[in-house]
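Derivation of every value follows stated rules applied to the coordinates shown; laboratory data play no part. Being a predicted model, the structure only gives us computed values, none of them experimental. Here the Cβ positions follow ideal geometry from the backbone for every residue, glycine too, while neighbour counts run over all protein chains shown.
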Amino acid sequence: MSDFLALAYPWTKSLHIIAVISWMAGIFYLPRLFVYHAEQGQDPQVDRLFQTMEYKLLRAIMNPAMIGTWIFGLALVFTPGIVDWSFLWPWTKAASVLAMTWFHHWLGKRRKDFEAGKNDLSGRRYRMMNEVPTLLMLIIVISVVVKF
């Protein structure tokens, strides 16, 4: 199995990067949709439009991208010679990816709140929460590139 992972490494890394880019695009955009939804979604037609956009973004793009990120990321972890767990960087990256996954699920819960008509967060709160993935992205990229 490790021979296969070593041979597939360039493809695995490429697919991991593609999945991460797709996931991050959605993770940045969905909270922005929530900002507009919270501030302008009182009209039933506008509310329905936002709900449709949020649902499709989460289900068709973000969920598959997150799953791909995890699958290809774990394949990279198990590829011999790629990750040296004696350094700090794999641990900071892993913790940040877990936090990003938590944030993804938090966004999913907020979408369900909108769908049920129970959103209690303001546009300002969603704007602040939109900074979470940026901070996590910085930690992840610096961890992987600098390898401290």
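Step by step: first the residues of segment 133-148, then only those that are surrounded by fewer than 11 Cβ atoms within 10 Å (Cβ to Cβ) and either in contact with an Asp or Glu (Cβ under 7 Å, 6 or more places away or on another chain) or among the aliphatic types (A, V, I, L, M) (or both), then the one that is farthest from Met62 (Cα to Cα). Which residue is that? Selected residue: Val146. When Ile61 is tested against (1) within 13 Å of the chain's Cα centre (by Cα); (2) touching a residue at least 40 places away in the same chain (Cβ under 8 Å), exactly one condition is not met: (2). When only residues in segment 65-90 that are loosely packed, with under 14 Cβ neighbours inside 10 Å and not hydrophobic (A, V, I, L, M, F, W, C) count, which is nearest to the chain's Cα centre (by Cα)? The residue in question is Asp84. Of the helices (runs of 4 or more DSSP H) entirely within segment 1-116, those holding at least 3 residues that are more than 21 Å from Ser143 (Cα to Cα) and among the small types (Gly, Ala, Ser) occupy 2-40.
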